[in-house]
Amino acid sequence: LHLAKTPGLTLRRLVAKSYLLISVLFITLKSIGCDNIASGASTSDPEAPHRRFEYKYSFKGPHLSLTDGSIPFWIHSGNAIPSADQVRITPSLRSQKGSVWSKNMVLFESWEAVVTFRVSGRGRMGADGLGIWFTSQQGLDGPVYGAADKWNGIGIFFDSFDNDGKKNNPAIVVVGNNGKLVYDHQNDGTTQALGTCLRDFRNKPYPIRAKITYYKKSLTVMINNGFTPDKDDYEFCTKMDNIVIPKEGFFGISAATGGLADDHDVLSFLLFRLTEPGQQKPPAEAEIPKEEKDKYQEEFENFQQDLDKKKEEFQKEHPDVLGEPIEEQYESVNDREIRQVFEGQNRIHLEIKQLHRQLAMILDEQRRYVSVITDEVAKKDAGSPQMSSVIATQQEVLKNLNDLRLSFQESLKQVGSVQHQGNAAGLGTYETVQHFNEIKEHLHSVKRDVDHLVQRSPPKMLKCPDFPPIPPCLSTLHFVVFVVIQSVLFFCYIMYKSQQEAAAKKFF
């Protein structure tokens with residue numbers, strides 16, 4: 001039995017290994033083919049086309065809409081709701097239509113559009129879908145994903161509802177029209193499709209990105225499936241050669257809902273102009289219409305005239321400023337350094353003045369104390385050795401305080417002389433540095449003198465005489481006599497009151 005099962009197991013293992021190898025080979029070849037197609041110009045052309053961003057045909061957040069709800073250089077219609085970060089083409093309600101279209105007509109042939117959008121809904125299936133347009137006229141409203149039918153141009157449709165029942169949705173369908181064809185809704189446009197691919201673009205963790213490139217009559221559609229945050233992770237969808245579309249037209253995005261509903265949100269639409277390498281780019285003046293150019297030129301001339309008038313009025317009101325060079329009105333690096341040095345000197349000067357005033361106050365207080373103590377000693381006991389030592393100490397303190405005051409005065413003089421020299425001949429000289437060193441030495445000497453005064457202060461100072469004990473205002477005997485008399489008077493009053501009330505009762 002074991003020998004009979006072994007050949008079958010071996011055969012199944014070989015089949016499984018072969019199937020695995022074939023799958024890996026198929027996936028590898030497919031990825032190589034997609035990379036080659038995606039690179040496009042880099043494999044077939046030695047140089048890629050030049051890309052130039054066109055802001056008048058683009059919009060993106062975070063300041064997408066203005067305060068009045070409009071989008072710069074774009075118009076919206078239907079149920080479209082612009083906001084600061086996105087444009088909700090249709091909300092998740094039944095039978096809704098909306099669209100946004102560029103106001104300005106595109107005047108260049110080759111371009112690349114990068115559209116970032118999100119399609120989200122609660123149900124397993126959604127409807128109807130979203131369309132990206134390039135047409136000769138603005139299709140503001142209509143039955144084809146919220147835009148007009150019989151358009152002249154190209155439409156890239158992200159169809160999320162399966163109308164034909166072939167289970168080939170969600171799908172991306174590219175349909176061209178010359179202005180005469182009616183879109184085939186029943187078959188999801190597959191009978192008119194120039195290119196198609198199956199991609200699920202609903203309810204993805206990241207926004208979907210579609211890169212649509214029209215270059216050298218070749219239209220390429222690349223899709224970022226929204227599974228990764230990498231913006232450049234595109235997959236090939238479809239490519240069509242020898243496609244002829246209008247040379248001038250408008251870009252638009254539309255969406256619609258039916259019995260089922262999804263939120264169709266467009267986060268950004270970025271348009272780039274493509275030019276061949278080596279081809280001379282048109283000047284910027286050629287891109288502006290003549291009417292707008294004349295309008296801007298007239299506004300500039302009016303502004304220049306107003307500016308000249310204001311200049312003349314200012315010169316008449318301020319004749320002293322007339323002819324001054326502009327450079328003199330601004331502060332140079334050296335002037336700023338000198339100003340900072342002078343500001344520092346002024347602060348030091350103010351601090352020394354404050355110390356000088358405080359020292360003068362201390363000196364006056366000390367003199368007053370010495371005079372009071374001297375008078376007391378002269379009255380009581382002039383020969384006491386303790387009082388003599390106190391007087392000698394106070395006199396020494398007075399002498400040291402006078403020395404400190406003289407030191408501060410000298411420091412103030414030196415700071416003033418340094419400032420005067422700085423105003424006369426600038427700073428940074430050797431004499432200035434010497435003056436600052438002398439000021440520093442004087443401050444150190446002041447600190448040493450103060451420390452010396454603290455150390456030389458007498459350990460025992462005379463105390464003020466104690467106050468004599470205050471005699472009590474009332475003795476105990478007086479207090480007892482007062483209480484007894486008051487009690488007797490109170491009882492007498494009570495007895496008198498009761499007798500009066502009894503007499504009154506007898507009378508009645």
Region 152-249, accessible surface, carbon-and-sulfur percent (1.4 angstrom probe): 48
Too long at a 24 Å Cα-Cα cut-off: which of Lys103/Lys204; Lys56/Lys211; Lys60/Lys239? Lys103/Lys204; Lys60/Lys239
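Could you sort 181-188, 247-254 so that the peptide with the highest average Cβ count within 10 Å comes first and the rest follow in order?
247-254, 181-188
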In terms of modelled amide H atoms, which long-range or inter-chain residues lie less than 5 Å from the amide H of Gly249? Val106
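With every protein chain present, what is the per residue accessible area of region 69-179 (1.4 Å probe, Å²)? Present the calculation step by step, with values, prior to reporting the outcome.
Details: 4440 Å² over 111 residues.
Dividing the accessible area of region 69-179 by its residue count gives 40 Å².
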Pick out, from Leu307, Ile253, Thr238, the residue whose Cα sits farthest towards the positive end of the charge dipole of region 226-315, with +1 on the Cβ of Lys and Arg and -1 on the Cβ of Asp and Glu. Thr238
What would the Debye equation give as log₁₀ I(q)/I(0) for region 155-235 at q = 0.20 Å⁻¹, counting only Cα atoms as equal point scatterers? -0.96
Lys497 paired with Asp403, simple spin-label distance in nm, labels 7 Å along Cα-to-beta-carbon: 8.3
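Taking 0.36 nm per residue of separation and subtracting the Cα-Cα distance, what length does fully extending Ser487 through Asp184 add? Each step should come with its number before you reach the end.
Working: separation 303, 0.36 × 303 = 109.08 nm, distance 12.39 nm.
That works out to 96.7 nm of additional length.
Pulled fully out, how much extra length does the chain show between Ser95 and Glu313, if you take 0.36 nm times their separation in residues and subtract their Cα-Cα distance? Can you show the working numbers first?
Details: separation 218, 0.36 × 218 = 78.48 nm, distance 6.38 nm.
That pair, Ser95 and Glu313, stretches by 72.1 nm at full extension.
With every protein chain kept in the model, how would you rank Glu441, Glu292 by accessible area, 1.4 Å probe, largest at the top?
Values: Glu441 120, Glu292 65 Å².
Descending accessible area places them as Glu441, Glu292.
What number comes out for accessible area per residue over region 202-265 if the probe is 1.4 Å? Units Å², please.
Numbers: 2680 Å² over 64 residues.
Result: 42 Å² per residue.
The values are calculated or read from the model by the stated rules, or taken from the named source; none is laboratory data. Small disclaimer: the values here were computed from a predicted structure and weren't measured. Quick reminder, even Gly has a Cβ in these numbers, built from the backbone with ideal geometry, and neighbours come from all protein chains shown. Just so you know, the surface numbers come from the protein's heavy atoms only, side chains and all, with ligands and any DNA or RNA stripped out. Shrake-Rupley method; radii C 1.70, N 1.55, O 1.52, S 1.80 Å.
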